[in-house]
Every structure is written in C-alpha cells, then in structure tokens.
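Here the structure comes first, spelled out in structure tokens, and everything after it is commentary.
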Amino acid sequence: MNVSSNDDTSDFKITVYSYALPILLTLCIISIVLNFCIAISGFHARSTIKITAYLSFFLALADTFNSIIVCSGLVVFSLIGVVLKTGLENGCLKLFIETFRLGGIPIPVGHLLLIAATHYIGIVKPLEYERIVTKGRIKICVIICWLFPMTFVFTWFSVFSGRGFRSNECTEVAFMNELPWRAAYSVFFLCPFLAIVIIYARIYWVARKPNQENPNLAILENELNFKAIKTTGSIVGSYCLGLLPATISYALSYSGGPLYSPQLGEKTAVAIGISVNFLVILKSLLNPWIYSIGQLEVKIALKRLKYAIKERIFGPIPLDQIETTSLYALEHAIIMHEDSRQYRCVTSMKNMKTTPINLK
C-alpha cells in the first residue's frame with residue numbers, strides 16, 4: 001500500500017479488494033480486541049510477576065497498535081482509495097498516515113528481540129538475572145522499541161529536500177519505491193530476526209547440556225531445555241510466518257526489482273499484496289496465544305480483569321464462592337508450581353553446596 005494515486009485502478013483490483021478487505025478488516029478488529037484485553041490485564045497482574053510475562057503485556061500493547069495502524073492503512077489506501085475511489089486529497093495527511101504506519105509495524109519486532117534477550121540472560125547468567133534484568137531497564141528498552149523506528153521513518157521522510165514532507169504538498173513520494181529506502185527499512189526486520197535465531201540457538205545449545213553431578217539439577221535443566229525448544233519454535237516460526245514474507249516482498253518490490261508491481265502483472269501483484277497483509281494480521285492475531293495465553297501469569301491477569309469487570313457490574317463475589325472460581329484454581333496452581341520449583345532448587349543447593357539457579 002502506498003500513497004500514490006489510484007485513478008487508474010482496474011475493475012479486477014476493485015473486485016478482489018471488495019471481497020478481501022472485509023475479511024482482513026474483521027481479523028484486524030479481532031486482533032485489536034484480543035491484544036488490548038491482554039495489554040490492560042497487565043494492571044491486574046501479580047506484583048511478583050516474572051519479567052517474561054511482564055514483557056508479554058507490552059508485546060500485546062505493541063500488537064494492538066500494530067493492528068490499528070494496519071487496519072487504518074487498509075481503510076485509507078485500499079477501501080477508500082481503491083474500492084470507493086474517493087481517496088484523501090491532502091497529500092501531507094496521506095504521507096503522515098503512511099509514515100505512521102511504516103514506523104509502527106517494526107515496534108513488535110523490538111519487543112520480540114527484548115524477550116529473546118531476557119531469556120538468554122536467564123539461561124547463561126542465572127545468578128545475575130535479577131540484578132541485570134529489572135523492570136526499570138525493561139521499561140527503558142520498551143520506550144526505545146517504540147521511539148526508534150518511528151523517529152527513523154519520520155527523519156527519512158523529512159531530511160531530503162524536495163522529497164516527502166519537504167516537497168510541494170508532500171506529493172514527491174517516488175523515493176519510497178527506491179532501493180535505498182526499501183533496503184534500509186528492511187533492516188528493522190532482518191537484523192532482529194537473525195539476532196533472535198542466534199540467541200535461541202545459543203540458548204538451546206546451553207540448555208541441552210546435561211548435568212551429570214546432580215539429578216535434581218538435571219530435572220531443572222530438562223525443563224529449561226523443553227522451554228527453550230518451545231519458545232524457539234514459537235518465536236522463530238511466527239516471525240517467519242508473519243513478518244519475513246512481508247519483509248522480503250517489501251525489500252524486493254523496489255522500482256525495477258524482481259517483485260516490482262508493473263513487472264509482475266496486476267493479478268500477481270494484488271495476490272502478493274493481500275497475502276502479505278493477511279500474514280501480518282495473522283501474526284498479531286496469533287500472538288495472544290503464542291506469547292501470552294500460554295503463560296500462567298497472563299492467564300491469572302486475564303481472569304482478574306474478568307472478575308474485576310464482573311464485580312463492577314454485578315457486585316463482589318461471595319466469600320463462600322471464591323474457592324470455586326477458576327481464578328482461585330489458577331493462583332493456587334502457580335503457588336504450588338513455585339513451591340515445587342523452590343523445593344527442587346533447595347535440594348540441588350544442599351547436594352551441591354551452592355546457590356540455587358534462577359529460572360525466571
């Protein structure tokens with residue numbers, strides 16, 4: 001999607017968009033609702049929440065914003081610009097929307113890299129984890145994840161004379177189809193992807209080494225091994241599914257490139273565009289299950305949010321019914337899990353006469 005004119009839009013493109021856009025917009029709205037619920041449930045999380053679960057709420061917020069800007073781009077440039085053929089007359093407003101959209105899409109990528117980094121520190125430096133990974137530092141990194149891509153895109157669109165925001169009525173946007181811009185923007189996706197793959201490969205290599213000195217510690221390491229494999233597959237797999245095709249498509253669709261629309265033909269170009277948007281939306285839609293709902297801490301936060309809403313509407317839950325609620329069962333389960341893990345760590349410490357490892 002770009003900010004160019006759609007006056008020469010064909011009937012084929014209008015017909016395809018008329019059927020595809022309602023599906024894409026519906027998925028966008030579902031993604032917005034699901035991720036927003038997870039994001040606001042962070043206010044109801046336990047005070048002792050783990051850092052990885054803590055980051056999941058920020059990831060859900062980033063995915064909420066991502067889905068909103070993707071949805072707005074589909075409405076402005078595809079629904080209004082292509083199907084309805086009305087479009088926005090103000091070139092600067094159109095460029096601002098596109099700039100905001102391009103700056104917002106890489107934000108979740110930074111969060112995924114941050115989650116990978118916290119996993120890595122927890123595996124290779126378990127005894128220093130709480131000193132290195134603090135909520136204060138996490139918040140600073142999250143702010144950087146939001147500001148850096150936005151600042152980069154706005155700067156690129158504003159720094160060159162006669163281009164972007166510095167052109168007459170912001171109409172000179174041909175640079176967006178040039179290789180330098182496409183390559184620079186793709187770095188926001190390809191470099192974090194390579195870093196995530198390297199980090200989790202290292203985590204797997206460390207976690208797979210068996211401990212021959214203590215069986216209790218070996219059990220803990222087997223848990224680390226399983227979690228490392230599961231996390232590696234989910235993160236790398238979802239990244240490959242949702243963002244890698246979009247990144248490659250965007251990078252190679254520069255003017256004269258192998259995926260440049262006029263060279264591909266209209267039907268192929270439209271099919272690639274719709275498929276890429278679908279995969280990006282699908283990734284944000286699946287993230288609540290892949291990164292959040294699978295974590296017990298996040299489940300508890302969501303249940304607390306649910307019961308807080310119920311109490312607001314129907315009043316407080318009677319004391320004799322609290323133990324029958326699913327929230328009570330979840331909180332009891334996490335307490336039992338933490339007690340079991342602490343017992344095994346203490347046992348390992350006694351046998352090895354050393355400090356227990358931190359599995360956060």
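Computed from the coordinates by the stated procedures, all read-outs in this text should not be read as laboratory data. This one's a predicted model, so the numbers in the text were calculated from it and none came from an experiment. We place every Cβ from the backbone using ideal geometry, glycine too, and count neighbours over all the protein chains shown.
Computed values, structure above
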read-out	value
Filter on Lys94/Lys139; Lys125/Lys306; Lys125/Lys283; Lys283/Lys310; Lys13/Lys283; Lys94/Lys299 - keep pairs with C-alpha separation over 28 Å	Lys94/Lys139; Lys125/Lys306; Lys125/Lys283; Lys283/Lys310; Lys94/Lys299
Inter-label distance for Lys310 and Leu241, nm, one decimal - labels placed 7 Å from Cα along Cα-to-Cβ	3.1 nm
Proportion of all alpha-carbon pairs of the range 1-111 beyond 23 Å (%)	41 percent
Inter-site label distance for Leu93 and Ser161 at 7 Å from Cα along Cβ, in nm	3.0 nm
